[in-house]
Amino acid sequence: MSSVTAALSALSSVSTMDLFKGFSKKEHSEHFLMKFSRTSMVVWAVVLIAVAVIASQQVQSALNAALGLSGWTNGAMLGGLILVMWWRRGSAWPMIIGMATAVAVTVYVANFLFWQTGVDVDGKPIMARVAWPWFTLIGTTVTLAVACAIRPFTKSKPAAAMVDPKSVAS
């Protein structure tokens, strides 16, 4: 229950402080912003309930659906983490392009890549797809491959921009 509360609170906060207050030209009182925040929390709760109801009718296992969806981005994030630890300096663009490509490839693999594995009793083809545990490996591999391929074509930041740990010692 606490995770649902945290999600609703975060969505309400973003709606109020970042979206509404950020794009509003007019100053609003704290009382008004509190009412707006509470209203947006109710709206987000209704939206999340609607998504859950729709998903429960179309998905056999909520765990498999959640892990499959998180797999779409986990590989890109892991690849980005590896690149950050591996490359000490340089442009961020190869990593950004690699991560975006990895998400696109993983979504394609998850939704559109099928192959026939056999035929059932009625003569209909049995189709298979890539299982969600592979999405992280696919995303990580694509992120690393694309970023490494693009990096030679981007400008590297100078080493002077980095902080020397010895100069920070106190």
Along the charge dipole of segment 15-126, which of Val119, Ser40, Ala66 sits closest to the positive end, that is, farthest toward it, with unit charges on the beta carbon of Lys, Arg, Asp and Glu (+1, +1, -1, -1)?
-> Ser40
Ranked by GNM mean-square fluctuation in the chain (Cα springs under 10 Å), the top entry among Ser12, Ser29, Ser56 is Ser29
Formal net charge of residues neighbouring Trp93 (Cβ-Cβ distance under 10 Å; K, R +1; D, E -1) | +2
If all Cα-Cα distances of segment 90-157 are sorted into 5 Å bins from 0 onward, what percent lands in each bin, rounded to whole numbers?
-> 4, 17, 19, 15, 12, 10, 8, 6, 4, 3, 2, 1, 0
If you roll a 1.4 Å probe over the chain with all protein chains in place, what percent of the accessible area is carbon or sulfur?
-> 69 percent
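Where a ≥ b ≥ c are the square roots of the eigenvalues of the C-alpha gyration tensor, would you call segment 23-100 rounded, which needs a/c under 1.5, or, failing that, prolate if a/b is larger than b/c, or oblate?
On the way: a/c = 3.92, a/b = 1.29, b/c = 3.04.
Because a/c hits 1.5 or more and a/b fails to exceed b/c, segment 23-100 counts as oblate.
Cα-Cα pairs above 14 Å in segment 55-135: how many percent?
Numbers: 2288 of 3240 pairs.
The calculated P(r) of segment 55-135 puts 71 percent of pairs beyond 14 Å.
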Given +1 on the Cβ of Lys and Arg, -1 on the Cβ of Asp and Glu, and no further charges, what dipole in debye does segment 1-157 carry about its Cα centre, rounded to the nearest 20?
-> 700 debye
How much area per residue is accessible in the chain when the probe is 1.4 Å and only protein heavy atoms are counted (Å²)?
-> 73 Å²
Descending packing, highest mean Cβ count within 10 Å first, for 143-153, 123-133, 30-40 is 143-153, 30-40, 123-133
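Cα gyration tensor of the chain, axes a ≥ b ≥ c as square roots of the eigenvalues: rounded (a/c below 1.5), prolate (a/b > b/c) or oblate? Could the numbers behind the result be given before it?
Working: a/c = 2.65, a/b = 1.06, b/c = 2.49.
In terms of gyration-tensor shape, oblate.
The values are calculated or read from the model by the stated rules, or taken from the named source; none is laboratory data. Here the structure is a predicted model, which means the values were calculated and not measured. As a convention, Cβ positions derive from the backbone with ideal geometry for all residues, glycine included, and neighbour counts pool all protein chains shown. Ligands, DNA and RNA are excluded from the accessible area calculation, which covers all protein heavy atoms including side chains. Shrake-Rupley method; radii C 1.70, N 1.55, O 1.52, S 1.80 Å.
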